[in-house]
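Undergrad: Take a look at this one; I'll ask things after.
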Amino acid sequence: MSRLSEFPITQRWPAENPGVIQLYSLPTPNGVKVSIALEEMELPYEAHRVSFETDDQMTPEFLSLNPNNKIPAIIDPDGPEGQPIGLFESGAILIYLAEKTGRLMPNDPVGRYEAIQWVMFQMGGIGPMFGQFGHFYKFAADKVANNPYPVQRYTNESRRLLGVLEGRLRDRKFIMGEEPSDYGIADIAIFPWVRGLSVHYAAEDVLKLSDFPAVAAWVERCADRPASVKGFAVPAAA
């Protein structure tokens, strides 16, 4: 019997290699956080595309793994004490993978919690606020054409958050420090969302991204890493 057979999601997305981590995702700012981390950590994994176009995320099989119907989610067949574990919420997955491998997060307790706080900064601030900005600025622009309040509200909040990042990165190359070894899950959690302001929302002008040069340089450093280039394309287009 497969170690993954207890997970109903594998009935809809069968595992070709049930011995490796199973990733259920899309190449969105949230989704690529996990694929980039897996590539950085050199963990073997198998990616499954959860298509929003066909509402895959609303199927009983997907909801059995993530009742909140959001990507990404994973199953690790070799979890704690060698038992399979399923996880959702990208921040939780990043912390789990860092602790599993001993990579991309400081080992000392103070550094560990400092990194986690920046992951939570993304989860509670960057992700929700940038997402709302993108929704009203690009995807629902026709619905708020006569009401500038939503776009202005989330423009202001997005710029405020970018200012927080600018202050953090003004004297360092990565969230946790200056050295290449300081790159970690805090960077991976945040930079795809900042990159998305240009790549997905084409919002360089309205957000005046040129006001944040340290952030722009950091995004370029992170995005140019080989693991990032690979992770951006996972799962592959159908």
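Undergrad: How about the stretch 102-148: which of its residues are touching a residue at least 40 places away in the same chain (Cβ under 8 Å), in a loop (DSSP other than H, G, I, E, B) and open to solvent by less than 80 Å² (accessible area, probe 1.4 Å)?
TA: Answer for the stretch 102-148, where residues must be touching a residue at least 40 places away in the same chain (Cβ under 8 Å), in a loop (DSSP other than H, G, I, E, B) and open to solvent by less than 80 Å² (accessible area, probe 1.4 Å): Leu104, Met105, Pro106.
Undergrad: Which pairs do you get when a residue that is over 27 Å from Gly127 (Cα atoms) and open to solvent by less than 50 Å² (accessible area, probe 1.4 Å), found in the stretch 76-97, comes within reach of a residue that is among the acidic types (Asp, Glu) and modelled with pLDDT of 95 or more, reach meaning Cβ atoms under 9 angstrom, with the pair 6+ apart or on two chains?
TA: Pro84/Asp76; Pro84/Asp78
Undergrad: Which ones in the stretch 192-216 are open to solvent by 70 Å² or more (accessible area, probe 1.4 Å) and either over 21 Å from Thr28 (Cβ atoms) or among the hydroxyl-bearing types (Ser, Thr, Tyr) (or both)? Can you show your working first?
TA: The initial filter retains those residues of the stretch 192-216 that are open to solvent by 70 Å² or more (accessible area, probe 1.4 Å), namely 199, 204-205, 208, 210-211, 213.
Hits for the stretch 192-216 are Asp205, Lys208, Ser210, Asp211, Pro213.
Undergrad: Between a residue in the stretch 201-219 that is under 15 Å from Arg160 (Cβ atoms) and any residue that is open to solvent by 40 Å² or more (accessible area, probe 1.4 Å) and of a type in the set (A, V, I, L, M), which pairs come within a Cβ distance under 7 Å, given they are 6 or more apart or on different chains?
TA: Note: pairs meeting the criteria are Leu209/Ala216.
Undergrad: While we're on this one: When only residues in the stretch 1-47 that are more than 18 Å from the chain's Cα centre (by Cα) and assigned to a helix (DSSP H, G or I) count, which is surrounded by the fewest Cβ atoms within 10 Å (Cβ to Cβ)? Break it down stepwise before answering.
TA: Taking the stretch 1-47 as the starting set, the residues that turn out to be more than 18 Å from the chain's Cα centre (by Cα) are 1-20, 44.
Filter again for assigned to a helix (DSSP H, G or I), leaving 9-12.
On the way: Ile9: 24, Thr10: 21, Gln11: 12, Arg12: 15.
The residue in question is Gln11.
Undergrad: Something else about it: Quick check: anything in the stretch 149-165 in a loop (DSSP other than H, G, I, E, B), surrounded by fewer than 20 Cβ atoms within 10 Å (Cβ to Cβ) and of a type outside the set (D, E, K, R)? Spell out how you get there, then give the answer.
TA: Going residue by residue through the stretch 149-165, those that are in a loop (DSSP other than H, G, I, E, B) are none.
No, because not a single residue in the stretch 149-165 is in a loop (DSSP other than H, G, I, E, B), surrounded by fewer than 20 Cβ atoms within 10 Å (Cβ to Cβ) and of a type outside the set (D, E, K, R).
Undergrad: What are the residues in the stretch 73-101 that are among the acidic types (Asp, Glu) and either at positive phi or not in a loop (DSSP other than H, G, I, E, B) (or both), if any?
TA: Scanning the stretch 73-101 gives Asp76, Glu81, Glu89, Glu99.
Undergrad: Just for the stretch 166-183: of the residues that are in a helix (DSSP H, G or I) and of a type outside the set (A, V, I, L, M, F, W, C), which one is least open to solvent (accessible area, probe 1.4 Å)?
TA: Of everything passing the filter in the stretch 166-183, Glu166 is least open to solvent (accessible area, probe 1.4 Å).
Undergrad: Failed condition for Tyr113, given (1) over 24 Å from Ile21 (Cβ atoms); (2) at pLDDT below 95, with all others met?
TA: (2)
The values are calculated or read from the model by the stated rules, or taken from the named source; none is laboratory data. Small disclaimer: the values here were computed from a predicted structure and weren't measured. Quick reminder, even Gly has a Cβ in these numbers, built from the backbone with ideal geometry, and neighbours come from all protein chains shown. Just the protein is used for accessible areas: all its heavy atoms, side chains included, with ligands, DNA and RNA removed. Shrake-Rupley method; radii C 1.70, N 1.55, O 1.52, S 1.80 Å.
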